[in-house]
Amino acid sequence: MEVDPNEVAELESKIINHEAYGKPYKWSPRDFELGTSLGRGMFGHVHVAREKKTGYLVAIKALFKSQIVKSKCEHQVMREIEIQSHLKHPNILRLFTWFHDEKRIYLVLEYAAGEELYKHLASAPMGRFPESRAARYIYQIADAVDYCHQRHVMHRDIKPENILVALNGDLKLADFGWSVHAPSERRKTMCGTLDYLPPEMIKKEMYNISVDHWCIGVLLYEFLVGKPPFESEDQEKTFARILSLDVIYPSYVPSGAKDLLSKLLKKNDRLSLDGVKSHYWVQQFQNV
Ligand code: AMP
């Protein structure tokens with residue numbers, strides 16, 4: 001069920017262009033056999049589905065237009081579609097195509113059969129990943145985010161809930177609802193998730209792609225410790241801890257990981273994503 005590049009190329013020509021018709025195909029829900037529900041999102045349901053002609057398994061996310069309009073999220077949804085449909089990377093969830101009818105927008109997505117990463121983390125022994133798994137995962141996310149940054153896309157909402165797992169165990173970065181094309185690489189909107197917010201966003205300062213580097217640091221800490229580093233009883237305390245970089249490392253966090261975390265969870269000059277991928281602690285687990 002894992003999508004390999006050849007299958008994707010075949011899928012693109014057969015499904016997306018529907019070459020049998022000799023012209024771009026106008027999709028409709030009738031082209032898919034809907035399977036079980038995979039979950040529920042903000043604007044509708046996600047189902048596993050089989051494209052009838054090719055038998056190809058995908059995930060279909062159906063979004064209710066009325067709910068999108070009611071929440072004034074038209075721009076966010078269109079941005080998600082626009083951005084995600086152009087990203088092709090092994091650790092980014094593919095958006096193959098989309099279509100709509102009177103009531104819904106349907107997103108045809110790569111099917112990630114391994115569920116969401118936060119469930120794996122919650123069910124791991126002591127709610128945390130062994131360092132080898134954390135290091136392999138961080139490499140994959142750093143590589144995916146690096147790919148986005150090269151295309152001037154920042155994700156801005158990296159967290160376990162927005163990462164899916166493929167059948168072969170590879171991670172798939174998803175949920176590009178908060179991501180944004182940023183040719184200038186400098187923005188001012190506050191977004192993302194509380195625990196993952198970097199100091200510059202809390203202070204409402206201009207920020208750039210390095211907000212994602214901070215989030216990769218928070219993510220790594222959560223992988224290793226089972227909870228994000230600045231978690232507190234209330235928002236004010238979380239913000240205060242983020243602003244004072246109040247990170248407490250339990251004794252079991254390996255020194256190599258601590259070194260990497262200290263280079264990401266800082267206010268300026270965060271380590272580059274190449275630097276994350278080539279960090280000695282990350283590297284030692286890549287081919288084991
Ligand atoms: P979302 O609207 O993206 O939050 O999706 C709702 C739920 O559906 C998620 O929590 C996932 O468990 C599941 N889901 C979404 N997209 C996929 C996918 N491409 N493959 C497998 N499960 C998915």
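Filter segment 89-123 down to residues that are without any contact (Cβ under 8 Å) to a residue 40 or more places away in the chain and more than 16 Å from the ligand (Cβ to nearest atom) and give me whichever is least open to solvent (accessible area, probe 1.4 Å).
Result: 100.
Yes/no matrix, rows are residues, columns are (1) out of contact with any Pro (no Cβ under 6 Å at 6 or more places or on another chain); (2) under 17 Å from residue 128 (Cα atoms):
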| site | (1), (2) |
| --- | --- |
| 207 | yes, no |
| 210 | yes, no |
| 214 | no, no |
| 239 | yes, no |
| 254 | yes, yes |
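Quick one: would you say residue 167 is outside any strand (DSSP E or B), within 16 Å of the ligand (Cβ to nearest atom), in contact (Cβ under 8 Å) with a residue 12 or more places away in the chain and over 20 Å from residue 226 (Cβ atoms)? Break it down into steps so the answer makes sense when it comes.
Values: outside any strand (DSSP E or B): yes; within 16 Å of the ligand (Cβ to nearest atom): yes; in contact (Cβ under 8 Å) with a residue 12 or more places away in the chain: yes; over 20 Å from residue 226 (Cβ atoms): yes.
Yes, satisfied.
Check segment 48-60 and report whether any residue there is within 12 Å of the ligand (Cβ to nearest atom), under 17 Å from the mean Cα position of the chain (by Cα) and surrounded by fewer than 17 Cβ atoms within 10 Å (Cβ to Cβ).
For segment 48-60, residues within 12 Å of the ligand (Cβ to nearest atom), under 17 Å from the mean Cα position of the chain (by Cα) and surrounded by fewer than 17 Cβ atoms within 10 Å (Cβ to Cβ): absent.
Here's the yes/no breakdown for (1) under 24 Å from residue 161 (Cα atoms); (2) assigned by TED's automatic domain parsing to the domain that holds residue 153; (3) touching a Ser or Thr at 6+ places or on another chain (Cβ under 7 Å); (4) charged (D, E, K, R):
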site	(1), (2), (3), (4)
205	no, yes, no, yes
227	yes, yes, no, yes
233	yes, yes, no, yes
248	yes, yes, no, no
256	no, yes, no, no
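For segment 193-248, name all the residues that are assigned to a helix (DSSP H, G or I) and among the hydroxyl-bearing types (Ser, Thr, Tyr). Explain how you work it out, then say what you get.
Just the residues of segment 193-248 that are assigned to a helix (DSSP H, G or I), to begin with: 194-196, 199-202, 210-225, 235-243.
Residues satisfying the conditions are 196, 210, 221, 238.
With the structure loaded, tell me whether residue 248 is hydrophobic (A, V, I, L, M, F, W, C) and open to solvent by 60 Å² or more (accessible area, probe 1.4 Å) or whether it fails that test. Reasoning before the result, please.
On the way: hydrophobic (A, V, I, L, M, F, W, C): yes; open to solvent by 60 Å² or more (accessible area, probe 1.4 Å): yes.
For residue 248, the condition - hydrophobic (A, V, I, L, M, F, W, C) and open to solvent by 60 Å² or more (accessible area, probe 1.4 Å) - is met.
The values are calculated or read from the model by the stated rules, or taken from the named source; none is laboratory data. Model, not experiment: these values are computed from the prediction. We place every Cβ from the backbone using ideal geometry, glycine too, and count neighbours over all the protein chains shown. We work out accessible area using only protein heavy atoms, side chains counted, and drop any ligands, DNA or RNA first. Shrake-Rupley method; radii C 1.70, N 1.55, O 1.52, S 1.80 Å.
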